[in-house]
Amino acid sequence: QVQLVESGGGLVQPGGSLRLSCAGSGSIVSIYGMAWHRQAPGKQRELVAVITSRGSTNYADSVKGRFTISRDNAKNTVYLQMDSLKPEDTAIYYCYVNVGGFTYWGQGTQVTVSS
């Protein structure tokens, strides 16, 4: 059973930073590409960042230069470092993995950027 558990969300002022964590079950993080998505109120869920099994990364244009995705295979954890946060980054952030055509999501963690 694949499980993804996010943590690290919270309330932060504009310009601040947060680091989200996603702990995966077994060795899933070290084997498969992982991604972070987000969903703001009244909007569709959107892809934020991807890290492949080989470590290549890709980002949505809206977060390039501010967010960094990484992973620690020994801890079976993928991270999303978010810097220079803006109010428009406010959303629920979800960890995602596709295993053999089956998609799995974490429960989400709320990020609120507000003064």
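Data for the structure
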| item | result |
| --- | --- |
| Inter-label distance, nm, simple model (7 Å from Cα along the C-beta direction), residue 56/residue 7 | 3.3 nm |
| Percent of beta bridges antiparallel (DSSP, the chain, rounded to nearest 5) | 90 percent |
| Summed residue charge, Cβ within 15 Å of residue 104's Cβ, Lys/Arg positive, Asp/Glu negative | 0 |
| Long-range tail of P(r) for the chain (Cα pairs > 23 Å, %) | 22 percent |
| Relative packing of peptides 89-95, 59-65, 45-51, 19-25 - highest average C-beta neighbours within 10 Å first | 89-95, 19-25, 45-51, 59-65 |
| Sum of -39500 (n - 2.57) over DSSP H runs of 4+, divided by residues of the chain (222 nm, nearest 500) | -500 deg cm²/dmol |
| Solvent-accessible surface (1.4 angstrom probe) belonging to residue 67, in square angstrom, nearest 10 | 10 Å² |
| Per residue convex hull volume, Cα atoms of region 39-95, in Å³ | 86 Å³ |
| Share of carbon and sulfur in the accessible heavy-atom surface of the chain [1.4 Å probe, %] | 47 percent |
| Region 1-30-region 35-83 distance, computed between alpha-carbon centres (Å) | 10 Å |
| Accessible surface, per residue, of the chain when the full set of protein chains is kept, probe 1.4 Å, Å² | 53 Å² |
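The values are calculated or read from the model by the stated rules, or taken from the named source; none is laboratory data. The model shown is predicted, which means the values in this text are computed figures rather than measured ones. Reconstructed Cβ throughout: ideal geometry from the backbone, glycine too, with neighbour counts over all protein chains shown. Side chains are part of the model used for accessible areas, which takes the heavy atoms of the whole protein and leaves out ligands, DNA and RNA. Shrake-Rupley method; radii C 1.70, N 1.55, O 1.52, S 1.80 Å.
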